[in-house]
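Below you'll find the structure, written out as structure tokens, and then a few comments.
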Amino acid sequence: MGEGVKSRLPAVTAMAHPNLALVKYWGQRDAARQLPLNASISVNLSGATTTTTVQFDAALEQDELELNGAPPSPAALARVSAHLQRIRDLAGSTACARVRSRNSFPAGIGIASSAAGFAALTLAGTRAAGLTLEARELSALARLGSGSACRSIPDGFAEWLVGSGEDSYAVQLAKPEHWNLQIVTVYFDPKPKAISSLEGHRAAPSSPFFEARLQQLGETLNTVRRAVLERDFGTLGMAVEREALSLHLIAMSSRVAEQPQLSGIYYWQPQTLALIHAVQRWRTEGLEVYFTLDAGPAVHLLVEAANRAALLEAVGGALGELGGQVLVSAPGMGARVVAGG
Ligand code: PMV
């Protein structure tokens, strides 16, 4: 920020969406630098947002964080502060920051709050520090906060290139308006999940099936990339569904070093499995819908726009028995500044 700058810089507010992985990131080549073992493909979820305001103020003695109107856990504050430090290092600054962040959706249910959170923090933080980074630099920086956050920087559909450092970032595969897919997220239990995705990544290589997954991924990436570009819904849906099951098979057959009493990681709840069965039934009955799951019990249902009403009706019927809530998204925008900056 240089000399002669006022002790309090203007506040900047940015907004970002969580992204839904169509091809999942699961397993890290380098945990400290958040480098993945495989490339991944995602779409931003327009129905959920994180809005974050950052202001650097030399009068502060430490970074301050407010999350959804409440003080954060010490772990959350440390993670945000480490990311602010990366921004300070880039800007050549020592000023601490005041950060206020709000999610429009619950955390820990299988919707990536950390992805939207670190994408918004990266954009608001760099602008608030007086930096204007290129999209790929923002994406690589967001990745250091939380791996999948790099995919919430570009608009629409994104692919995260594996890379080996600064070249590990997400690029846009297609704009949001390329394909008006509808994503109906059904979530059941707003309690944070027991095993974090961080632990899941760490445990993944212990699965005896992990190598087989990595070998399969090149073909899956080609299929999903092409299906997105050609708007081939049937091909996309089946590839995405099988890919989600592959991640969960790895999780279920992983060993968590710190928790030897666990035979594997189960992100599913009984309602998750009930919905998986329902999707297969709806498809045989003629409603073309596919599911995917991230590291949590939420089920994300994909349909073409013409089938949105039919799916919502079917889901409404199922939720009568299962409980749960619904969030509807289309492909969303990337991270953007909404105030200040
Ligand atoms: O970015 P992380 O470390 O929270 O990992 C995300 C893991 C999955 O959501 C399960 C898959 C993905 O690619 O987003």
Name, by its number, the condition in (1) within 16 Å of the ligand (Cβ to nearest atom); (2) over 15 Å from the mean Cα position of the chain (by Cα); (3) buried (at least 18 other Cβ atoms within 10 Å of the Cβ); (4) in a helix (DSSP H, G or I) that does not hold for residue 205.
-> (3)
Selection from segment 6-33 of residues that are more than 30 Å from residue 227 (Cα to Cα), part of a loop (DSSP other than H, G, I, E, B) and either in contact with a Phe, Trp or Tyr (Cβ under 6 Å, 6 or more places away or on another chain) or not hydroxyl-bearing (Ser, Thr, Tyr) (or both) = 6, 9, 10, 11, 31, 32, 33
Okay, strands (runs of 3 or more DSSP E) sitting entirely in segment 34-104 with 3 or more residues that are within 16 Å of the ligand (Cβ to nearest atom), I get 40-44
Could you check residue 14 against (1) among the aliphatic types (A, V, I, L, M); (2) over 24 Å from residue 196 (Cα atoms); (3) more than 20 Å from the chain's Cα centre (by Cα) and say which number it fails?
-> (3)
Just one listed residue, out of 218, 163, 234, 200, is without any contact (Cβ under 8 Å) to a residue 24 or more places away in the chain and over 15 Å from residue 20 (Cα atoms), and it is 218
Just to be sure, is residue 228 under 21 Å from the mean Cα position of the chain (by Cα), within 14 Å of the ligand (Cβ to nearest atom) and over 22 Å from residue 321 (Cβ atoms)?
-> no
Is there a residue in segment 3-17 that is at pLDDT below 95 and either crowded, with 24+ Cβ neighbours inside 10 Å or hydroxyl-bearing (Ser, Thr, Tyr) (or both)?
-> yes
Considering segment 109-159 alone, what residues qualify as being within 11 Å of the ligand (Cβ to nearest atom), assigned to a loop (DSSP other than H, G, I, E, B) and of a type in the set (Gly, Ala, Ser)?
-> 110, 112, 146
Apart from one, (1) within 14 Å of the ligand (Cβ to nearest atom); (2) modelled with pLDDT of 95 or more all hold for residue 178; the odd one out is (1)
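Quick grid of which residues meet (1) in contact (Cβ under 8 Å) with a residue 40 or more places away in the chain; (2) over 15 Å from residue 43 (Cβ atoms); (3) in contact with a Gly (Cβ under 6 Å, 6 or more places away or on another chain):
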position	(1), (2), (3)
290	yes, no, yes
306	no, yes, no
309	no, yes, no
319	yes, yes, no
323	yes, yes, no
326	yes, yes, no
330	yes, no, no
333	yes, no, no
336	yes, yes, no
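Yes or no, residue by residue, for (1) polar (S, T, N, Q); (2) in contact with a His (Cβ under 8 Å, 6 or more places away or on another chain); (3) modelled with pLDDT of 95 or more; (4) in a loop (DSSP other than H, G, I, E, B):
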position: 259; (1), (2), (3), (4): yes, no, no, yes
position: 267; (1), (2), (3), (4): no, yes, no, yes
position: 271; (1), (2), (3), (4): yes, no, no, no
position: 278; (1), (2), (3), (4): no, no, yes, no
position: 281; (1), (2), (3), (4): no, no, yes, no
position: 288; (1), (2), (3), (4): no, no, yes, yes
position: 318; (1), (2), (3), (4): no, no, no, no
Selection count where residues are touching a Leu at 6+ places or on another chain (Cβ under 6 Å) and of a type in the set (Gly, Ala, Ser), scope segment 302-318 = 1
Give the number of residues within segment 160-173 that are under 19 Å from residue 218 (Cβ atoms) and assigned to a strand (DSSP E or B).
-> 4
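The values are calculated or read from the model by the stated rules, or taken from the named source; none is laboratory data. From a predicted model like this one, the values you see are computed outputs, not experimental measurements. Methodologically, a virtual Cβ is constructed for each residue, glycine included, from the backbone with ideal geometry; neighbour enumeration extends over all protein chains shown.
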